[in-house]
Amino acid sequence: MRLISLTLKNFQGVKELTLAPNGKDFAIYGDNGTGKTTVFNAFTWLLFDKPSTGAKNFTPKTRTPDGEVHGLDHTASAVLEHEGKRISLTKTYREIYKKKRGSIREKFDGHTTEYFVDGVPVKEKEYTDAVGAMWRGDAELAKILTMPEYFSEVLPWEKRRALLLELCGDVCIGDVFAANEELIDLAAALESRSVEDMMKLMHAKKSAVNKRLGELPGRLDEARRSTADAEGFDIKAAQKSLDDLECEKRALIEARAGIAYMATEEKRKELSALEVEMSEASAAYRTACIEQAASVREILAAAKEHQADIESELRRLAMQKRSAEADRDGINRRRNEFIDEYGRVLDLVFDESTTVCPCCHRPLPEEEVTKLREDFYLKKSARLTEINEKGKREASREMIAKLEADISEIEKQISAQEKELAAAKEAVKEAERAFPELPPFEETDTYREIAGKIRYVRAELADEAKTHAEALAEQDGKIRAVTEHTDAIRGDMARYNAALRAKERVDELLSEQKALAAEYEEAERMTYLCELFIKTKVSLLTDRINHRFENVRFSLFSEQINGGLKEECEVLVPSADGALVPYVFANHAARINAGIEIIGAISEHFGVEMPLFVDNAESVTHLAPGKAQRILLTVSEKDKTLRAEAVC
């Protein structure tokens with residue numbers, strides 16, 4: 001792409017300016033603040049909708065110490081040559097004024113941008129598509145090719161690295177293994193995962209193994225302390241003593257049982273017999289009470305059933321009465337409707353206006369008038385007869401009188417049933433009063449007699465228990481002594497078994513420690529191989545990339561203090577003595593020439609060429625060679641207004 005011409009009108013303080021490089025290298029001279037950067041901003045605003053600095057909230061409007069200048073259109077237009085064809089691009093930024101409701105003056109209401117391609121108004125997307133077609137739709141690529149510092153200063157290092165890999169091609173894994181035979185043990189591992197994932201896996205494994213190794217000394221120390229209880233203990237002798245004591249304890253328990261039950265067995269049998277006798281007497285009393293009340297219960301049930309039947313009949317009669325009343329009220333309403341309709345029809349009279357012709361407004365012949373009257377009165381008579389007959393069928397006095405009689409009869413039946421219901425309720429109360437009032441079993445003589453015998457036997461048992469309490473207490477003491485001895489032996493045996501398990505645990509932990517150490521060593525070896533793989537690949541990749549450039553070099557990785565590698569993509573610029581200096585520390589001329597060289601390589605690879613703007617060109621005595629059209633923005637103190645000329 002070549003810039004043929006660039007025109008600014010009211011653009012950031014430039015009232016009107018036209019530059020015509022005609023596709024040639026071009027220099028723009030001017031003192032500081034004369035508008036050189038404004039020209040660059042106009043070009044990038046046309047193409048990317050941003051200024052050359054990338055600043056946000058950019059506006060092409062002219063500003064003065066008093067604020068923005070209003071009422072102007074701010075325009076930038078360019079003629080570009082792309083693939084042998086010329087295209088005209090124009091953007092105009094203008095203010096919008098609208099008249100608010102109730103106001104006679106228009107008020108400022110925002111801004112709008114108008115777009116033109118070859119002089120034809122287009123929408124923003126159409127404009128963007130037309131511009132993007134000149135650099136394959138990649139606006140970032142176009143910025144890289146337009147601004148020498150964009151690749152090295154603005155583009156993130158990840159994108160710089162990706163672009164270089166696309167430019168020069170990545171190094172395949174086979175080339176890395178071929179370059180260093182020491183990496184052969186890593187080949188199988190990298191068949192299923194990347195070297196980066198392998199590094200992460202090894203770091204995670206080392207961290208996990210190291211954590212487990214750190215925990216082992218404490219666990220070993222604890223297990224070793226527990227093994228002391230196994231020294232000098234005879235487990236067989238302890239088991240024999242335990243068996244002997246268990247036999248002695250069983251004998252003592254049997255002897256105690258003989259003391260407790262020897263003298264009280266007969267009394268306990270007597271007490272059990274009395275308790276059975278009490279239970280049988282209680283059951284017999286309940287049965288007698290139930291039989292005595294059975295006849296009264298039958299009478300009560302019959303009285304309640306009769307009461308329920310009467311209440312059911314009363315509900316049926318009430319429903320029947322409501323239904324008859326509803327029918328009567330409905331017939332009365334219908335009868336009134338018939339009477340009203342009959343009166344309306346009866347009041348109808350012949351319309352004399354129908355005896356005049358509606359077309360010519362002359363009276364109709366006498367015979368036609370007579371015929372109209374006869375038809376009217378015949379229809380009226382027929383309608384009255386129809387209403388009268390329908391009233392007799394559907395709402396006659398006889399029908400209403402019959403329903404009134406039915407309602408009266410139902411009311412008499414309801415009155416009779418209500419009297420019968422009162423009598424039935426009284427009968428239920430009489431039956432309930434007839435139930436016998438029997439005392440509870442606990443208040444009978446039989447209960448009192450048996451309960452007295454039970455209390456007597458229990459008192460005798462209590463006296464005998466006191467008599468044998470001393471013998472039982474002595475026997476309990478012997479049993480406790482044997483139990484304490486057996487518990488002590490069991491405790492010693494438990495500690496001995498725990499000590500044996502602790503010895504086994506020590507052996508297990510030592511084996512685990514040895515295995516973990518071997519596992520950590522292998523992870524360290526694989527980590528070393530991964531880092532060696534990366535260093536080898538970096539060396540091959542760096543050589544491949546740097547081979548594409550004459551002067552500029554790139555550092556893709558840096559070595560950390562701990563020996564690890566950190567990914568980067570730093571541009572290195574040669575100094576006057578041949579040493580490589582990081583781009584950020586190089587002088588302005590070196591940075592510009594480095595950017596021109598990078599742009600040349602990228603432009604050649606993608607087949608896209610853009611006008612190249614060089615700011616502060618006066619500080620560069622020798623520009624690096626390149627195919628792109630160059631627009632040199634040069635500070636010239638003597639030029640108080642912009643001056644432009646072609647560069648040979």
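The values are calculated or read from the model by the stated rules, or taken from the named source; none is laboratory data. Everything quoted here is computed from the prediction, not taken from an experiment. FYI the Cβ positions are ideal-geometry reconstructions off the backbone, even for glycines, and counts take in every protein chain you see. Side chains included, ligands, DNA and RNA excluded: accessible areas come from the protein's heavy atoms. Shrake-Rupley method; radii C 1.70, N 1.55, O 1.52, S 1.80 Å.
Brief remarks follow.
- For Thr62, the residues whose modelled amide H falls within less than 5 Å of its own, excluding neighbours fewer than 5 places apart on the same chain, are Gln12, Gly13, Val69.
- Part-to-part distance (alpha-carbon centres) for region 377-399 and region 283-352, which is given in Å: 35
- The chain, relative contact order in percent, only Cα pairs under 8 angstrom and at least six apart counted: 27
- Looking at region 471-557, the accessible area is 56 square angstrom per residue; that uses a 1.4 Å probe and ignores ligands, DNA and RNA.
- Residue among Ala42, Tyr377, Ser152 farthest towards the positive dipole end of the chain, charges placed on Cβ: Ala42
- The alpha-carbon positions of region 485-620 define a convex hull whose volume is 217 Å³ per residue.
- Counted by Cβ distance under 13 Å from Ala590, the other residues give a net charge of -1, where Lys and Arg count +1 and Asp and Glu count -1.
- Three-way shape call for region 568-648 based on the alpha-carbon gyration tensor, with the a/c threshold at 1.5: oblate
- Ranking Val584, Gly607, Gly343 by Cα position along the charge dipole of the chain, where only Lys, Arg, Asp and Glu carry charges on their C-beta atoms, puts Gly607 farthest toward the positive end.
- Ranked packing of 176-185, 349-358, most packed first, by mean Cβ within 10 Å: 176-185, 349-358
- Gyration tensor (alpha-carbon) shape descriptor, region 420-496, a/c threshold 1.5: oblate
- Region 117-175 - charge dipole about Cα centre, Lys and Arg +1 at Cβ, Asp and Glu -1, debye rounded to 20: 80
- Sequence ranges 629-635, 86-92, ranked by mean other-Cβ count within 10 angstrom, highest first: 629-635, 86-92
- Global geometry of region 304-360, whether rounded, prolate or oblate, following the gyration tensor of its Cα atoms and the 1.5 cut on a/c: prolate
- Of the DSSP H helices in the chain, those whose Cα atoms cover at least 20 Å axially and whose Kyte score averages 0.0 or more: 588-606
- Given charges at Cβ of Lys, Arg, Asp, Glu: the chain dipole, positive-most of Ile631, Val482, Ile534: Ile631
- Helix-derived mean residue ellipticity, 222 nm - over the chain, DSSP H n ≥ 4, -39500 (n - 2.57), to 500: -21000 deg cm²/dmol
- Identified option (computed Cα Rg over 2.2 N^0.38 Å; candidates (1) 1.14; (2) 2.31; (3) 1.05): (2)
- About its Cα centre, the chain has a charge dipole of approximately 3280 debye under the convention of +1 per Lys or Arg Cβ and -1 per Asp or Glu Cβ, with nothing else charged.
- The peptide list 370-377, 95-102, put in order of mean Cβ contacts within 10 Å with the highest first, becomes 370-377, 95-102.
- Electrostatic tally near Lys478: other residues with Cβ closer than 12 Å to its Cβ, Lys and Arg +1, Asp and Glu -1, net -1.
- Carbon-plus-sulfur accessible fraction, region 392-461 (probe radius 1.4 Å, protein heavy atoms only): 51%.
- Gap separating the Cα centres of region 1-72 and region 401-461, nearest whole Å: 114
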